[in-house]
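Structure first, then comments.
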Ligand SMILES: *[C@@H]1O[C@H](CO)[C@@H](O)[C@H](O)[C@H]1NC(C)=O
């Protein structure tokens with residue numbers, strides 16, 4: 001029995017809604033192509049895991065806010081260690097599971113999935129504007145690695161062709177990886193079809209991906225210059241589909257909980273209000289990268305971000321990772337907020353009111369994320385019985401780019417536009 005803490009780790013409850021992905025809705029409206037984004041079945045939100053996943057993806061070293069901060073360390077919440085035995089006992093059932101629950105709930109998987117049809121087979125995948133490979137669980141993997149996944153059955157596709165001599169390898173900072181062979185097939189996303197799309201089929205894959213049984217692969221919507229196929233780098237689905245769309249765009253219209261809809265080929269003006277900011281994208285690093293060198297908290301003055309000047313928009317990242325300057329200044333305005341070593345991030349009583357956060361997109365626009373949308377999830381109860389929340393805004397650590405994931409994107413109508421390339425940001429209708 002561990003009565004080390006009265007900080008009872010629960011899994012995040014606020015976004016527990018489970019929705020089973022439905023088959024692709026081939027909802028053709030004029031020349032637009034819609035595809036739903038749903039929370040994957042059985043997903044359990046966990047702030048520390050969401051942060052760890054983002055750090056791994058971008059090779060970020062954990063924040064140095066406090067010495068000894070260790071993302072992999074799930075010791076009980078440091079500041080309430082001196083729990084009284086009565087409150088600890090009261091919550092012992094949950095407390096005794098703390099370590100395991102946190103460890104096994106280290107749900108590093110993708111939170112949202114959307115249906116993709118490859119060679120006629122519908123597979124739920126994660127749309128990721130932060131990478132440029134389309135890879136899928138398939139019959140090329142050892143059968144034990146396929147368990148629990150919907151796989152692309154190569155032999156059942158009459159349109160699949162192996163690209164002889166081409167291979168790919170993707171590896172993340174935490175050692176997770178996928179590597180294998182490459183072919184082409186017909187890929188249909190929401191009704192947009194590319195007939196000779198490079199589809200990467202891992203032959204070896206690390207445990208992190210295998211365990212994430214709700215997602216069966218990734219569709220990268222970043223730029224083809226970071227595609228991992230060699231010797232011949234392949235174009236993304238988005239780049240291949242661009243010519244066949246009226247407008248070469250992907251729009252994301254998410255709701256407060258991060259679910260919602262992607263739309264290809266069309267900017268639906270009924271989905272936003274007011275003016276849309278159209279900003280220049282620097283795609284040289286392969287990302288949807290833009291200037292973001294200013295911020296304001298609440299109604300405060302606009303201030304410069306000294307250390308980092310740019311950000312990327314990433315649908316494949318859950319949290320919003322901003323410069324440590326911004327994050328520290330923000331949580332200084334939140335009652336009782338503190339940096340938790342155990343959770344590798346900022347936490348606060350859920351009763352706290354968060355100020356709005358404005359950040360620059362490009363050099364002449366600020367977008368505001370309402371404070372009410374800046375909480376990621378509940379993570380536990382303190383010794384005084386207060387519910388504790390995990391912030392959706394966390395530090396980008398030593399990264400040279402800020403990573404604006406779902407917490408940022410869901411508050412806006414967002415356009416990824418291959419013309420320019422550019423991005424549009426507007427208030428959700
Ligand atoms: C945004 O600006 C670019 C030029 O930089 C232009 O090609 C594109 O069409 C504009 N996007 C929208 C939605 O107006």
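Every read-out reported here was derived from the displayed coordinates using simple, explicitly stated rules and does not represent laboratory data. Keep in mind it's a predicted model, so treat the numbers as computed, not measured. Reconstructed Cβ throughout: ideal geometry from the backbone, glycine too, with neighbour counts over all protein chains shown.
Report the FRET efficiency, 1/(1 + (r/R0)^6), for residue 147 and residue 193, where r is their Cβ-Cβ distance and R0 is 51 Å, rounded to 0.05. The partial results should precede the final answer.
Working: r = 30 Å, r/R0 = 0.60.
Once the sixth-power term is evaluated, E becomes 0.95.
Take the Cα radius of gyration of region 144-275 and divide it by 2.2 N^0.38 Å, with N its residue count; two decimals is plenty.
Compared with the compact-globule rule of thumb, region 144-275 sits at 1.18.
Which FRET efficiency, nearest 0.05, do residue 419 and residue 364 yield, Cβ-Cβ r, R0 22 Å? Let's see the in-between values first.
Working: r = 19 Å, r/R0 = 0.87.
The value I calculate is 0.70.
Where q = 0.12, 0.13 Å⁻¹, what log10 of I(q)/I(0) comes from the Debye formula for region 275-429, counting one point per Cα?
These q points yield log10 I(q)/I(0) values of -0.49, -0.57.
Consider just the alpha-carbon atoms of region 365-419 and return their Rg together with their Dmax, both in angstrom.
Rg and Dmax of region 365-419, Cα atoms, are 15.0, 54 Å.
Could you give the nm distance between label points at residue 398 and residue 171, where each point is 7 Å from its Cα heading toward the beta carbon?
Between residue 398 and residue 171, the simple spin-label model gives 1.9 nm.
Which length gain, in nm to one decimal place, applies between residue 280 and residue 302 when the Cα-Cα distance is subtracted from 0.36 nm times their residue separation? Before the final figure, lay out each step's value.
Details: separation 22, 0.36 × 22 = 7.92 nm, distance 2.10 nm.
Result: 5.8 nm gained on full extension.
In nm, what is the difference between 0.36 nm times the number of residues separating residue 61 and residue 243 and their Cα-Cα distance?
Full extension from residue 61 to residue 243 adds 61.6 nm.
Between residue 384 and residue 230, what length comes free when the chain is fully extended (0.36 nm per residue of separation minus the Cα-Cα distance, one decimal in nm)?
49.8 nm
Take the alpha carbon atoms of region 357-429, find their center, do the same for region 224-249, and report the distance between the two centers in whole angstrom.
27 Å
For region 287-361, calculate the relative contact order in percent as a whole number, restricting contacts to Cα pairs under 8 Å that are 6 or more residues apart.
38 percent
Pop the C-beta distance of residue 309 and residue 427 into the FRET formula with R0 = 30 Å and round what comes out to the nearest 0.05.
0.75
To two decimal places, what compactness ratio does region 245-344 give when its Cα radius of gyration is scaled by 2.2 N^0.38 Å?
My calculation over the Cα atoms of region 245-344 gives 1.32.
Along the Cα→Cβ direction, 7 angstrom out, place labels at residue 41 and residue 156. What is the inter-label distance in nm?
Rounded to a tenth, the inter-label distance reads 1.5 nm.
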